[in-house]
Amino acid sequence: MREINASIPFDKALWRQDIAASQAHVAMLGAQGIVSADDAQTISRGLDTVAAEYEANGVPENWDLEDIHMTTESRLAELIGPAAGRLHTARSRNDQVATDFRLWVRDAMDQVDAGLEALQRALITRAGEHADSIMPGFTHLQTAQPVTLGHHLMAYYEMIRRDRSRFADARVRMNECPLGAAALAGTGFPIDRAATAQALGFAKPTDNSLDSVSDRDFALDYLQAAAQCSLHLSRLAEEFIIWASQPFGFVALPDALSTGSSIMPQKKNPDAAELVRGHSGRIVGCLTALMITMKGLPLAYSKDMQDDKPPVFEAANLLGLSIAAMTGMVADTVFRTGRMRNAAELGYATATDLADWLVRQADIPFREAHHITGAAVKLAESEGKALDALTLDQLRAIDSRIDARVYSALSVEASVAARASHGGTAPEQVRLRVAAARNALGMES
């Protein structure tokens, strides 16, 4: 029972939040006259001493004390004597842990938001550098149409923008203080819940004591946002893994985020990116674990909920590492733009441009233009040429309605320049999106 019941090995991570919530609680107790001013002051000073000890030496793990709350209260009693027992007036470990955990998750949301902003800044910077750099765009991992590298990187900026909005929405929703709900029914003491909520930076106290101690939606919201974010990071990591492979050769990854082989000296393995890809599975697993834990619990508190913290702590650690790794990778990778451009040409990425030209300039129905273009691609493949390397006679032999103007549409530069619709890949559009993103983040132009 001692081993299964103790949570101090993991909930000691809440010590800063536990001290802060206790300080707010005792200040309120003193202000309301529930404890004397002298006792309130003595308890507050004692809590400061406990916090200093934890900061210097860490939190001791005495499993007989079960958790961070009893560990702190026990040490407080050793320091100040019987007055320590007044700290727990008008509260329960149920509302105490709910408050501490909310504070921790709120801090984690702020930390992840700062990390994601740094990643956005790296993406914006590199996208601005490569607004004109041409690469193949893919569907089904097959060459589709030319795009610019800047456009490709800005796609991930948009994903991260949505991730930040999910964390921000979750933060607003969870920013209510459960302290004062006590065990489940509230308390008969004349407490001031608005005061403790304000002291801890919450928008308001929670409105239902049963829900206050049993709610873990805020943790699930965090994990859901973290899981979605990790999927985006995994996709970005996969791009770098593919691009770094020899058949692609689009990038040279930073040495600091790569490893060598124990037997093959020529290898440079994208281990950091692969671990980011792997971490996403674990983060999704953390979300699943807590969802299943919570799915059948009656009101109010059940001990199952002690298992709410390990998956959140694990996910937060993995997500922070993943964001840092991908930020470094985006910032320091060398993009081999010449190889990217060659790949765009060799993949007949301008075939759609030929079909579009036939529609616009020769008034040919698109389905017929699609067939003509397919014949041109087949000829270019047989001769090992790019489409714009075919002679006019060769193109006219396929369809006599083709004339010399077609070459203005067949280069990869012409192709990307033509995609100038809002949100398109044209360099001018990429620069507009980069400028807007820089402005949104307050970056210098």
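The values are calculated or read from the model by the stated rules, or taken from the named source; none is laboratory data. Here the structure is a predicted model, which means the values were calculated and not measured. Methodologically, a virtual Cβ is constructed for each residue, glycine included, from the backbone with ideal geometry; neighbour enumeration extends over all protein chains shown. What goes into the accessible areas is simple: the full protein's heavy atoms, side chains included, and nothing from ligands, DNA or RNA. Shrake-Rupley method; radii C 1.70, N 1.55, O 1.52, S 1.80 Å.
Assorted remarks:
- Phi angles across region 326-337 convert, under the Karplus curve 6.51 cos²θ - 1.76 cosθ + 1.60 with θ = phi - 60°, into 3J(HN,Hα) values of 6, 5, x, 5, 5, 5, 10, 5, 8, 8, 8, 5 Hz, Gly and Pro given as x.
- Surface composition of the chain: carbon plus sulfur atoms contribute 52% of the solvent-accessible area (1.4 Å probe, protein chains only, all chains present).
- In the context of the full set of protein chains, residues of the chain present 46 Å² of accessible surface per residue (probe radius 1.4 Å, heavy atoms only).
- The equivalent ellipsoid that matches the C-alpha gyration tensor of the chain spans semi-axes of 60, 22, 18 angstrom, in descending order.
- Note on Asp307 and Asp38: the model spin-label points, each 7 Å out from Cα along the C-beta direction, lie 4.9 nm apart.
- Rounded to 0.05, the FRET efficiency of the Phe366 and Ala435 pair, given R0 = 35 Å and the Cβ-Cβ distance, is 0.55.
- At R0 = 25 Å, FRET efficiency that the Cβ-Cβ distance of Ser445 and Ala118 yields, to 0.05: 0.85
- Placing pseudo-labels 7 Å out from each Cα toward the beta carbon at Val172 and Asp332 gives an inter-label distance of 3.8 nm.
- For region 1-89: rounded, prolate or oblate by the Cα gyration tensor [a/c cutoff 1.5]: prolate
- With the highest mean first, a sort of the peptides 196-207, 215-226, 7-18 on other beta-carbon atoms found within 10 angstrom per residue produces 215-226, 7-18, 196-207.
- Ranking Ala170, Val251, Met340 by how far each Cα lies toward the positive end of the dipole of the chain (charges on Cβ) leaves Met340 at the top.
- Straight Cα distances below 26 angstrom link Lys309 to the lysines Lys12, Lys204, Lys295, with same-chain residues fewer than 8 positions distant left out.
- Cα lying deepest toward the dipole's positive end in the chain, options Ala40, Ile283, Ala52, charges on Cβ: Ile283
- Extreme residue, positive dipole direction of the chain, given options Thr350, Ala219, Ala324 (C-beta unit charges): Thr350
- Spacing of the modelled spin labels on Arg405 and Ala144, each 7 Å from Cα toward Cβ, amounts to 2.9 nm.
- Multiplying the residue separation of Arg396 and Asn57 by 0.36 nm and removing their Cα-Cα distance gives an extension gain of 113.9 nm.
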